[in-house]
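The values are calculated or read from the model by the stated rules, or taken from the named source; none is laboratory data. As the structure is a computational prediction, the values presented were derived from the model and not from experiment. All Cβ positions, even for glycine, are placed from backbone atoms using ideal geometry, and neighbour counts span all protein chains on display.
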Amino acid sequence: MNSENYLDIIKKLALQIKNEPARYVFDKFISENNFNSNIRRRLGDLFFESIRYYRRLVEDPDFNLEQVKNEVCSKDLTIQDLTDIFGLNGEIAEYVSESLNDINDYKFLLSRGPLTLRVNPMKMTRDRLLSLLKDFKPIKTEISPFGIKLNSNINVRQLQEFKKGFFEIQDEASQLVYNLVAPKPNEKILDLCAGTGGKSIALQSCSYNTLDLHATDISNDRLTILKKRSKVLGLKIKVVNNPFQHFYDKVLLDVPCSGSGVIRRDVDNLIRMDKDRLLELVKTQRILLNKAINFVKKGGVIVYVTCSFLKKENEENIEYILNEYRNLRFVEVCDILDANIVKKLNLKSYFKTFPRYYAMDGFFGAVLRVY
């Protein structure tokens, strides 16, 4: 198969992602065709890199990936470029621009994110895991004490070390949510949007099973996965359908969001976003914030987290909820996090990460105390 054939396939697949996620579109296509592993890998790499420049890909008959990459690298970006090159909806492009300190920071989202692991300290030390994975040239994460980055693009789920529960796959920014929650032994903690349990597992394993940790989610299927994962890892995580009112010391609220901060991995998150869909997400986020307050006891805190850098989902939601409740107080992250983390990430009031800092995903976090 020559390069022209590859490009024809990619263009056809790209036209489908406005209606369905890119990973689903690609996996479905691969399952319907009997390609060898080399062709699958090459197609995948080219597809997910090319759709970063979605508008150019689908509209330019002479699309050349390297030429477009060089053009983007050498110019100062404008809001119009976010639409004309990357294919963002016009209103979403405005939201992106107003949320970045410099619109050129968008370039940091165009490269593939690193493969980052989080050691399970209940079964393994980071130094020992580094030794076990030495063939893959592992390095320690710069800030998270539990993280390892691999230079090799491998399927780590096939490794015995993964099957034995020695590590989980988790970006460094996501790992640092543990530090933001700052759990203490025997604290009652609720993971309100637990999903399949990534952050619950991180909280309990890094706390050596000392937390009274409850988890809930709107999806029973996701909670079933959480139960199985926690059992395999030997973690005490209680899945609850009806969390206790005004009971918890801390509520972790990792809300559904646009995923703008993780488009290095889920490339089409912003391509498929429009204003109506974003505002529907914001509505859901505010409902969940209002709900979380019912579960925190007096003196306790809500830790609000998104994998987005958009102010609409972050700062504006915090301003909204503080205006709604007089018994809520904003807690600056510099009063919670280690001074070294604050300095390295250049943090102020909020927890904010971005690929320009240590190649982390884009995350946002805020802490609210109930009085």
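Counting only residues that are free of Cβ contacts under 8 Å to residues at least 24 places away in the same chain and assigned to a helix (DSSP H, G or I), which one in the stretch 51-67 is farthest from Arg264 (Cα to Cα)?
Glu59
Hey, among Val296, Val342, Val331, Val303, which residue is in contact with a strand residue (DSSP E or B) (Cβ under 6 Å, 6 or more places away or on another chain) and closer than 25 Å to Ile169 by Cα?
Val303
Test Ser200 against the criterion of being in the same structural domain as Val251 (by TED's automatic domain parsing), in contact with an Asp or Glu (Cβ under 6 Å, 6 or more places away or on another chain) and not in a loop (DSSP other than H, G, I, E, B), and give yes or no.
Criteria met by Ser200.
For Leu337, indicate whether it is within 14 Å of Asn179 (Cβ to Cβ) and in contact with a Cys (Cβ under 8 Å, 6 or more places away or on another chain).
It is false that Leu337 is within 14 Å of Asn179 (Cβ to Cβ) and in contact with a Cys (Cβ under 8 Å, 6 or more places away or on another chain).
Among the residues of the stretch 348-367, count how many are crowded, with 24+ Cβ neighbours inside 10 Å and outside any loop (DSSP other than H, G, I, E, B).
Result for the stretch 348-367: 5.
Suppose we filter the stretch 10-46 for residues that are within 29 Å of the chain's Cα centre (by Cα) and either of a type in the set (A, V, I, L, M, F, W, C) or loosely packed, with under 11 Cβ neighbours inside 10 Å (or both); how many remain?
17
Consider Val25 carefully, then state whether it is out of contact with any strand residue (DSSP E or B) (no Cβ under 8 Å at 6 or more places or on another chain), touching a residue at least 60 places away in the same chain (Cβ under 8 Å) and closer than 14 Å to Asn269 by Cα.
no
In the set Pro256, Pro243, which member is assigned to a loop (DSSP other than H, G, I, E, B) and touching a Cys at 6+ places or on another chain (Cβ under 8 Å)?
Step by step, each of Pro256, Pro243 is checked, and only Pro256 is assigned to a loop (DSSP other than H, G, I, E, B) and touching a Cys at 6+ places or on another chain (Cβ under 8 Å).
Please find, within the stretch 294-331, the residue that is surrounded by the most Cβ atoms within 10 Å (Cβ to Cβ) out of those that are of a type in the set (D, E, K, R) and within 17 Å of Val251 (Cα to Cα).
Among those residues, the one meeting the criterion is Lys297.
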